[in-house]
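Just so you know, all these numbers are worked out from the coordinates, no wet-lab data involved. Just so it is clear, the structure is predicted and the values come from calculations on it, not from any experiment. Note that each Cβ is placed from the backbone with ideal geometry, even for glycine, and that neighbours are counted across all protein chains shown.
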Amino acid sequence: MCREQFQDVKVETMIEHGDPRDFICQIAEKLHVDMLVMGSHGYGVIKRAFLGSVSNHCAQNVKCPVLIVKRPKSASGSK
């Protein structure tokens, strides 16, 4: 969808194994990205404490701006 609407914006997709927090931060630095856009599961405090938050980790550890996007709730109130 982004590629169709914003053809002048460079978008890259990568698939890797390992800790996504470290990999995303390393790649953002290596590619000198202008902005990192990430999705969020929207976990509550307890789940986030046990599972960690990839988006929060990246927001605290990369040098570029980070935009964290949450999925909009549907009209029925479920995700």
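Quick notes on this one:
- Count of the stretch 1-23 residues which are in contact with a helix residue (DSSP H, G or I) (Cβ under 9 Å, 6 or more places away or on another chain), among the aliphatic types (A, V, I, L, M) and loosely packed, with under 10 Cβ neighbours inside 10 Å: 2
- Enumeration of residues in the stretch 24-42 that are free of Cβ contacts under 8 Å to residues at least 24 places away in the same chain, surrounded by 10 or more Cβ atoms within 10 Å (Cβ to Cβ) and over 12 Å from the mean Cα position of the chain (by Cα): Gln26, Ile27, Leu31
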